[in-house]
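See structure below.
The values are calculated or read from the model by the stated rules, or taken from the named source; none is laboratory data. None of these values were measured; they are calculated from a predicted model. No Cβ is skipped: glycine too gets one built from the backbone with ideal geometry, and neighbour counts run over all protein chains shown.
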Amino acid sequence: MYHNWLRSFHAVAREGGFTAASKVLNIGQPTVTEQVKSLELTFGVELFHRRGRTVTLTDTGQQLLGFTQDIFGHEEEAVGFLTAARDLKHGRLKVGGVGSPVVMELVDHFQESYPDIQLNIFIAHGEEMLKSLIDFETDVAVLAHVADDPDLYYFPYVRSEVVLFVNTDHPWASRRQVRIGELAGQKFILREKTSTTRQTLEKGLAAAGVDLGDTLEINSREAVMEGIIRGLGIGAVSELEYVAHERLRAIRITDANIFISFYVVCLNSRRTRPLIQAFLKTAEGIAAINGTPPVQK
């Protein structure tokens, strides 16, 4: 009871009249008048000086406004905060992914459209990244593999060819391409067995009946690059993740269709949240430009 009376008083005081207050509160003007009158009669006070349609606060009313400002002023601030969040004028989005170049390209486009949104970026392996989505530690992610799951919403974002890279002293350094059969017996430096790039390459090799030579396994992208620079073997990487270096040369495999598909993923139950939805639409736009229509799997 008192809450509604005080709310009507506060609205009249802020808006300078009963009619204006009724529009703000979205209730009838007679209701506002009755609630303020009830407040005055119950406590035997006069809160407004009434001169026709004009009202001004009495000394008691002015003091009461100080209290209601603490109550309803914070409510107005809260509504303003939520409105700004709805309109994407502020907020925080947690973005994850398995490949920083792919993720950062998408983040760059998103920030152009929504510069006031704060982004937290988390890069990890696929299983860890998926777990962070399920645990609500990440809002949306870019993954290289997604299993069919009704709890997930996802669509293909971009496809990237797997390329080889060697150091400048390697016999292939002057070549731009090789055939997959030429990889037989070659010494490679590969990431760990859970690496999507490694799994994709090994699947292509198996389909072609090609066996590599000795392999050195390293669980760090930077260490793999250092090993290639030092001539310890041949490396493989998604073309989107290849970083040019004066001591490295990239080489394509011409006769095998070896590529990685990256997907934008979120929880199905959260896909309509304003910030997540805005990020998905940004990704869909880029996917369309890249020629990978955003059709849910």
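Side notes on the structure shown:
- Matching residues in segment 114-158 - criterion: being buried (at least 21 other Cβ atoms within 10 Å of the Cβ) and not in a strand (DSSP E or B): MET129, LEU130, LEU133, THR138, ASP139, ALA144
- Within segment 7-33, no residue that is part of a helix (DSSP H, G or I) and surrounded by fewer than 17 Cβ atoms within 10 Å (Cβ to Cβ) sits with its Cβ atom under 6 Å from a residue that is modelled with pLDDT under 90 and among the basic types (Lys, Arg) at 6+ positions apart or across chains.
- Applying the criterion of at least 2 residues that are in contact (Cβ under 8 Å) with a residue 24 or more places away in the chain to the strands (runs of 3 or more DSSP E) found wholly in segment 44-113 leaves 54-57, 92-97.
- Selection count, segment 159-193, where residues are farther than 29 Å from PHE279 by Cβ, acidic (Asp, Glu) and surrounded by 13 or more Cβ atoms within 10 Å (Cβ to Cβ): 1
Here's the yes/no breakdown for (1) β-branched (Val, Ile, Thr); (2) in the same structural domain as SER132 (by TED's automatic domain parsing):
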| residue | (1), (2) |
| --- | --- |
| LEU216 | no, no |
| VAL224 | yes, no |
| ALA236 | no, no |
| TYR242 | no, no |
| HIS245 | no, no |
| ILE253 | yes, no |
| THR272 | yes, yes |
| GLN277 | no, yes |
| ILE286 | yes, yes |
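- Residue within segment 207-222 that is touching a Pro at 6+ places or on another chain (Cβ under 7 Å) and not charged (D, E, K, R) present: no
- Residue that is farthest from THR168 (Cα to Cα), among those in segment 233-250 that are buried (at least 18 other Cβ atoms within 10 Å of the Cβ) and over 27 Å from the mean Cα position of the chain (by Cα): ALA236
- A search for C-beta distances below 9 Å between a residue of segment 271-291 that is closer than 20 Å to ILE134 by Cβ and any residue that is assigned to a loop (DSSP other than H, G, I, E, B) and among the charged types (D, E, K, R), counting only pairs 6+ apart in sequence or on different chains, returns ARG273/ASP139; LEU275/ASP139; ILE276/ASP139; GLN277/ARG271; PHE279/ASP139; LEU280/ARG271.
- Among the residues of this structure, LYS131 counts as one that is among the basic types (Lys, Arg) and more than 15 Å from the chain's Cα centre (by Cα).
- Filter result for ARG221 (surrounded by fewer than 18 Cβ atoms within 10 Å (Cβ to Cβ) and in contact with a Cys (Cβ under 9 Å, 6 or more places away or on another chain)): no
- Screening ASN167 with (1) in the same structural domain as LEU130 (by TED's automatic domain parsing); (2) among the polar types (S, T, N, Q); (3) more than 30 Å from the chain's Cα centre (by Cα) gives one miss only, at (1).
- The residues of segment 252-270 that are touching a helix residue (DSSP H, G or I) at 6+ places or on another chain (Cβ under 9 Å) and of a type in the set (Gly, Ala, Ser) amount to a single one, ALA256.
- Counting the residues of segment 137-156 that are under 14 Å from the mean Cα position of the chain (by Cα) and touching a residue at least 60 places away in the same chain (Cβ under 8 Å) gives 7.
- Scoring GLU202 on the criteria (1) of a type outside the set (S, T, N, Q); (2) surrounded by 14 or more Cβ atoms within 10 Å (Cβ to Cβ); (3) closer than 26 Å to THR215 by Cα; (4) in contact (Cβ under 8 Å) with a residue 12 or more places away in the chain leaves a single failure, condition (4).
- Check on SER261, part of a strand (DSSP E or B) and surrounded by fewer than 18 Cβ atoms within 10 Å (Cβ to Cβ): yes
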